[in-house]
Amino acid sequence: SSWWKSVEPAPKDPILGVTEAFLADPSPDKVNVGVGAYRDDNGKPVVLDCVREAERRLAGSTFMEYLPMGGSAKMVDLTLKLAYGDDSEFIKDKRIAAIQTLSGTGACRLFADFQKRFCPGSQIYIPVPTWSNHHNIWRDAEVPQKTYHYYHPETKGLDFSALMDDVKNAPDGSFFLLHACAHNPTGVDPTEEQWREISQLFKAKSHFAFFDMAYQGFASGDPARDAKSIRIFLEDGHHIGISQSYAKNMGLYGQRVGCLSVLCEDAKQAVSVKSQLQQLARPMYSNPPLHGAQLVSTILEDPELKSLWLKEVKVMADRIIGMRTTLRESLEKLGSPLSWEHVTKQIGMFCYSGLTPEQVDRLTSEYHIYMTRNGRISMAGVTTGNVGYLANAIHEVTK
Ligand SMILES: Cc1[nH+]cc(COP(=O)(O)O)c(CN[C@@H](CCC(=O)O)C(=O)O)c1O
């Protein structure tokens with residue numbers, strides 16, 4: 001029809017487009033180390049045992065009603081404990097405005113819209129590099145973006161001094177997006193000591209910290225430890241925002257279960273902020289999906305299921321850590337002239353390999369290996385079955 005003749009095809013998504021290309025490839029040798037989704041050592045997606053058991057308990061449930069605009073209050077309360085701590089005074093004092101969101105993406109977007117509506121002149125400082133969808137989210141929320149130094153290509157580590165300079169040089173009261181743990185795509189996190197310095201400088205500058213925590217548990221294998229950056233900021237008195245997701249650490253990818261929280265001055269302000277977050281959700285999707293929230297609540301409210309979940313998160317994290325060592329050793333055994341120390345030094349789901357876009361293209365065209373063009377390898381896609389093939393291909397395109 002003539003209505004939409006001006007509509008152009010959208011560009012392929014740099015991450016989800018890789019999945020599409022992988023699925024379309026008929027080669028039996030194809031390897032997908034693109035999307036950040038956990039696979040077991042057979043390269044298969046995993047439904048955690050704790051989720052299976054929660055499914056069993058929920059089977060036959062007759063409850064199919066709308067959730068409130070803020071989602072499941074029980075799921076939100078249980079989720080806040082993971083980020084702020086079981087004994088958090090902020091939870092006790094009801095100072096946290098929080099609602100269930102459409103996973104981590106939904107939490108980030110709702111915050112960006114909230115920031116635009118209530119701090120209209122503000123912008124957001126986003127790390128270089130970051131998860132590609134962060135740029136889309138704040139762009140569509142019409143919040144101007146600035147960048148801050150994060151990754152140091154030469155050392156394949158953190159460019160801490162450049163990061164601190166950017167934090168110092170930003171106008172007082174700037175908004176910063178921080179990855180709470182397991183930075184995507186670099187796998188490089190500040191040390192605890194560096195987080196303390198960052199927090200102190202944020203204090204001096206009165207900056208606002210928005211934490212995107214999409215991989216809690218995948219950095220160290222222990223969700224509590226992975227919340228350390230957030231706990232440091234809370235101890236220092238920051239009123240932060242947090243995006244939480246159960247996509248990866250509970251394997252609820254397609255259930256779209258997440259939470260947005262904003263720490264407020266007092267309970268009264270939290271009520272006002274929560275009501276405004278709900279006002280943003282209502283015209284967007286009205287209220288969030290029920291099933292995933294029920295799964296999360298069933299697991300986290302039952303001490304046995306929660307401890308099973310914690311064990312299963314550690315198994316996933318440990319498998320990835322093991323694959324880092326195997327991939328690095330395989331590359332070294334092949335006599336690669338390059339250092340691959342960063343493969344084991346980086347943490348979380350991703351290895352920022354340092355491969356150039358052209359080398360990535362060769363991996364795809366010659367070896368049917370799929371990864372994002374920035375050279376990010378989703379270590380969750382590496383298995384004992386494909387690590388040798390992957391190492392050989394990487395060696396061939398980098399020697
Ligand atoms: C930092 C970050 N924040 C939020 C999300 C959103 O996750 P969700 O809870 O499902 O909305 C992701 C997923 N990013 C991985 C998954 C695919 C995607 O891009 O989305 C990825 O980078 O592969 C992140 O990597």
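So if I take the centroid of the Cα atoms in the range 130-162 and the same for the range 205-271, what is the distance between those two points in Å?
18 Å
Once you order the gyration tensor axes a ≥ b ≥ c over the Cα atoms, which shape class does the range 66-170 get: rounded for a/c under 1.5, otherwise prolate or oblate by comparing a/b with b/c?
Numbers: a/c = 2.13, a/b = 1.59, b/c = 1.34.
Note, shape of the range 66-170 comes out prolate.
From zero outward in steps of 5 Å, how is the percent of C-alpha pairs of the range 1-120 spread across the bins?
Once binned at 5 Å, the Cα pair distances of the range 1-120 give 2, 7, 9, 12, 14, 14, 15, 12, 8, 4, 2, 0.
Kindly express, to the nearest 10 degrees and within the range 0 to 90, the angle between helix 73-84's C-alpha long axis and the longest C-alpha principal axis of the chain.
On a 0 to 90 degree scale, this one is about 60.
Along the charge dipole of the chain, Cβ charges K/R +1 and D/E -1, which of L102, T372, L334 sits furthest on the positive end?
The residue sitting farthest along the positive end of the dipole is L102.
Classify the range 255-399 as rounded, prolate or oblate from the Cα gyration tensor: take a ≥ b ≥ c as the square roots of its eigenvalues, call it rounded if a/c is under 1.5, otherwise prolate when a/b beats b/c and oblate if not.
Details: a/c = 2.81, a/b = 2.09, b/c = 1.35.
Prolate is the answer for the range 255-399, as a/c is 1.5 or above and a/b outweighs b/c.
Just how large is the dipole of the chain about the Cα centre, in debye to the nearest 20, putting +1 at every Lys and Arg Cβ and -1 at every Asp and Glu Cβ? Numbers along the way, then the final one.
Working: 43 positive and 47 negative charges, 118 e Å.
So the magnitude is around 560 debye.
Does anyone have the angle between helix 303-333 and the longest principal axis of the chain? Alpha-carbon axes, 0 to 90°, nearest 10?
30 degrees
Collect residues whose amide H, placed 1.01 Å from N in the peptide plane, falls under 5 Å from the amide H of H179; neighbours closer than 5 in sequence don't count.
D212
I want to check the label-to-label distance for S275 and D140. Put each point 7 Å from Cα in the C-beta direction and report it in nm to one decimal.
2.8 nm
So what is the calculated 222 nm ellipticity per residue for the chain, using -39500 (n - 2.57) for each DSSP H run with n of 4 or more, over all residues, to the nearest 500 deg cm²/dmol? List each step's numbers first, then the result.
On the way: 16 runs with 182 residues, N = 399.
Result for the chain: -14000 deg cm²/dmol, rounded to the nearest 500.
Shape verdict for the range 199-290, please, from the Cα gyration tensor: rounded (a/c under 1.5), prolate (a/b greater than b/c) or oblate.
Values: a/c = 2.59, a/b = 1.09, b/c = 2.37.
Oblate, because a/c is 1.5 or more while a/b does not exceed b/c.
Would you list which aspartates and glutamates come within 14 Å of K205, measuring only between C-alpha atoms, while excluding same-chain residues fewer than 8 positions from it?
Hits, sequence-local ones excluded: D165, D166, D172, E197, D236.
Pairs of Cα atoms under 8 Å, at least six residues apart: use those to get the relative contact order of the range 200-258, whole percent. It would help to have the intermediate numbers written out before the result.
Working: 68 pairs, mean separation 21.2, N = 59.
It comes to 36 percent, rounded to a whole number.
Distances over 30 Å make up what percent of all Cα-Cα pairs in the chain? Mind dumping the intermediate values first?
Details: 33153 of 79401 pairs.
Here the tail beyond 30 Å accounts for 42 percent of pairs.
Which angle between 0 and 90 degrees, to the nearest 10, do you get for helix 103-118 versus the longest principal axis of the chain when only C-alpha atoms count?
50 degrees
Who wins for biggest fluctuation among G258, G104, G335 in a Gaussian network model of the chain, springs between alpha carbons below 10 Å?
Checking each option, the largest mean-square fluctuation is seen for G335.
Every read-out reported here was derived from the displayed coordinates using simple, explicitly stated rules and does not represent laboratory data. Since the model is a prediction, treat every value here as computed from it, not as a measurement. Cβ coordinates were reconstructed from backbone atoms using ideal geometry, including for glycine residues, and neighbour counts include every protein chain displayed.
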